[in-house]
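Below: one structure, written as structure tokens.
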Amino acid sequence: MLRNNGKITSSLLMALDVVLSTVICLGLLHWTELSGVSDPFVEAGSSTMLLAVTACLVWPFTFQQLDVYASVRTLGLWDVTRRLLVSGCVVATILGAVAFASDVPISREFPFVCAAAQGVALS
């Protein structure tokens, strides 16, 4: 059944990744000790929104580009782990660059902690 509905299954998996990434990002943004601000959307405004949208949408794009969504039945554990780790590093770099470029007034480690938490949850 899943083989016949491959595109639907892939789309559902991507949607699930976006939803899970969103929940984790918003949860971490509202964790005052980690983000460094009490209300990130009031204090930082559009720059925080840009970082949050990037954090939510970058995972499916990165997974697609690095073939993480491809069938892993023929791959070894090392290849799957390598793809996931490279995806995490790419996403952490992108989030760090967006946070730096948009001058988000949150803690410096937030983009990397967010990428790590999302990577663990999506793996």
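Here are some notes:
For every residue, the table says whether it meets (1) within 14 Å of the chain's Cα centre (by Cα); (2) among the aromatic types (Phe, Trp, Tyr).
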| residue | (1), (2) |
| --- | --- |
| 9 | no, no |
| 18 | yes, no |
| 36 | no, no |
| 41 | no, yes |
| 60 | yes, no |
| 69 | no, yes |
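- For segment 36-92, residues that are without any contact (Cβ under 8 Å) to a residue 40 or more places away in the chain, hydroxyl-bearing (Ser, Thr, Tyr) and surrounded by 14 or more Cβ atoms within 10 Å (Cβ to Cβ) total 2.
- Of all residues making up segment 32-74, the number that are hydroxyl-bearing (Ser, Thr, Tyr), farther than 21 Å from residue 94 by Cβ and not in a helix (DSSP H, G or I): 3
- Considering segment 93-123, and only residues there that are over 11 Å from the mean Cα position of the chain (by Cα) and among the aliphatic types (A, V, I, L, M), the residue that is surrounded by the most Cβ atoms within 10 Å (Cβ to Cβ) turns out to be 104.
- Residue check, residue 87 part of a helix (DSSP H, G or I), at pLDDT 85 or above and small (Gly, Ala, Ser): yes
- Residues located in segment 69-88, provided they are among the small types (Gly, Ala, Ser) and closer than 18 Å to residue 114 by Cα: 87, 88
The values are calculated or read from the model by the stated rules, or taken from the named source; none is laboratory data. Keep in mind it's a predicted model, so treat the numbers as computed, not measured. Every residue, glycine among them, receives a Cβ derived from its backbone with ideal geometry; neighbour counts consider all protein chains shown.
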